1. Are any of the residues in the stretch 336-355 of a type in the set (A, V, I, L, M, F, W, C), under 30 Å from N438 (Cβ atoms) and part of a helix (DSSP H, G or I)?
2. What number goes with the only condition from (1) under 30 Å from A290 (Cβ atoms); (2) out of contact with any Lys or Arg (no Cβ under 7 Å at 6 or more places or on another chain); (3) touching a residue at least 40 places away in the same chain (Cβ under 8 Å) that R147 does not pass?
3. Given the condition of a type outside the set (V, I, T), more than 30 Å from A282 (Cβ to Cβ) and not in a helix (DSSP H, G or I), answer yes or no: does some residue in the stretch 436-450 qualify?
4. Name the one entry in I315, I320, I327 that is assigned to a strand (DSSP E or B) and either in the same structural domain as A86 (by TED's automatic domain parsing) or over 30 Å from G279 (Cα atoms) (or both).
5. What tally of residues in the stretch 288-312 results from selecting those that are more than 30 Å from T344 (Cβ to Cβ) and either outside the structural domain of Q89 (by TED's automatic domain parsing) or part of a strand (DSSP E or B) (or both)?
6. Among the residues of the stretch 379-393, is there at least one that is of a type outside the set (D, E, K, R) and at positive phi?
7. Of everything in the stretch 182-203, what is in a helix (DSSP H, G or I) and buried (at least 17 other Cβ atoms within 10 Å of the Cβ)? Give them in sequence order.
Amino acid sequence: MKILLCTCMTIWALFFTAAITHAAENPAAQTALSLDDCIRVALKAAPELGEAESDIALATSKLDEAKSYRFPRMELTTLVGPAPTASRQDIIPVIKTDIPFSINALTWFASADATIIQPLYTFGKISENMKAATHGIEVDRSRKQQRANEIVQKVNEYYYGLLLAREMKELVLEVEEILIRAREKAQKLLNQGSDTVDEMDLYKLDAFSGMASKYLEEAKKGESLALAALRARLGLPVDAPLETGAERLVIADNEILPLEAYIEKARRRRPEFLQISEGLKARAALVEAAKANYYPDIFLGGIVSWAYAEERERIQNSYITDPFNHIVAGIALGARWKLDFGITGAKVAGERAQYNRLLSTRDFADANVPLQVEKYYLELVEAKNSTTATRGAYLNAKKWAVTAIANFDFGMGPAKDIFEALQAYSSMRADYFKSIYNYRIAAANLDYATNEPLHGL
């Protein structure tokens, strides 16, 4: 009994551990996800943000490279090879010029030559490239923010599309239930020989029920597509379970500010404006860096040269240098100047053209971002007004439907009143939910256009 109990406990522990591991690997399977949860998961899983992070790392490496040019650079060359033997007797008392070459008179030598260059002043080549790289990092960071905003915009679209599909499905189910009860009542009245119902009414009810079934399938398809799109945006497999909250599609009672306030927010917050601003600074720095190539580089240089051959005597004379056996070192102030006769001018012109191109992009953004903000703003106002109008319409249509059904139940009204009332009710209520959906999407688009911070994220 004790062994059986231990075995059961072990199996339960393994199952519990596996369940925890699965839940950790699939956050969507742990609990129902709200809109904020979906946004958080999407931002974490988005490959676009991984690409943007790599771009930031690349820009950072360019800054590190530009900074590194401030430090000394050393070039080292080593050689090992054969060399002819030599002694003082070959140059004393006079230099002998008729010594024949002999393979048997070869020895081995080794040498090492090191050159060290410490830049002192480059007329902006280093500092301007550092400025350009620094502003380039900010450009990539703002580009990452822009991609994140686009992801949030898509998640809002898919999430509210899912809520709309579910509301439509519930509406169709509500109408179907009313039709079923009405048909049962019509059949009962027909069996009782009532004059208010005939066979045609049953046919109409059945036809209307078939139409409702068609709309139900369309609503289910819309729900499935919205779930699939949301699942893909969250980075989940196609067969992964995804539970969303029981949130209803309701309008948010938020204050709508004047249009000018949203335009001012957009100019202040939009990452595109920051990209252009930082990009212009980077391009201006690159223009100056290209112009610096007209001037020389001032540097402090040092050289160390060493060579040794076993069977060559070292010459202690500063007028004569033996390439196979010597030690030489020195330091000097130098200037290096590249004269390319047109290449530098072409590079300066190219960088200035890129700068002017960004100026045109800024003008385009100045003109079109406010237009985009105004478009989303007007859509938001229209959707809010439409929601108010359609809400009153569907509530009155619902009263109409309730009255028509009650009259039919008491045998006081024809079945066609039910069809007309239900048609008006379902149409007005569907328009009401579409207006709420349009309001939510317009609000999300306006948040995107003004780079509104995400609450709780």
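The values are calculated or read from the model by the stated rules, or taken from the named source; none is laboratory data. Remember, predicted model here, so these are calculated numbers, not experimental data. FYI the Cβ positions are ideal-geometry reconstructions off the backbone, even for glycines, and counts take in every protein chain you see.
1. No, every residue in the stretch 336-355 fails to be of a type in the set (A, V, I, L, M, F, W, C), under 30 Å from N438 (Cβ atoms) and part of a helix (DSSP H, G or I).
2. So the condition that R147 fails would be (1).
3. Looking through the stretch 436-450, none of the residues is of a type outside the set (V, I, T), more than 30 Å from A282 (Cβ to Cβ) and not in a helix (DSSP H, G or I).
4. Details: I315 fails: assigned to a strand (DSSP E or B); I320 fails: assigned to a strand (DSSP E or B).
Just a single option satisfies the conditions, and that option is I327.
5. Of the residues in the stretch 288-312, 7 are more than 30 Å from T344 (Cβ to Cβ) and either outside the structural domain of Q89 (by TED's automatic domain parsing) or part of a strand (DSSP E or B) (or both).
6. No, the stretch 379-393 contains no residue that is of a type outside the set (D, E, K, R) and at positive phi.
7. A182, R183, K185, A186, L189, D201
Yes/no matrix, rows are residues, columns are (1) crowded, with 21+ Cβ neighbours inside 10 Å; (2) under 11 Å from the mean Cα position of the chain (by Cα):
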residue: G124; (1), (2): no, no
residue: N129; (1), (2): yes, no
residue: E138; (1), (2): no, no
residue: R147; (1), (2): no, yes
residue: I151; (1), (2): no, yes
residue: Y159; (1), (2): yes, no
residue: K169; (1), (2): no, no
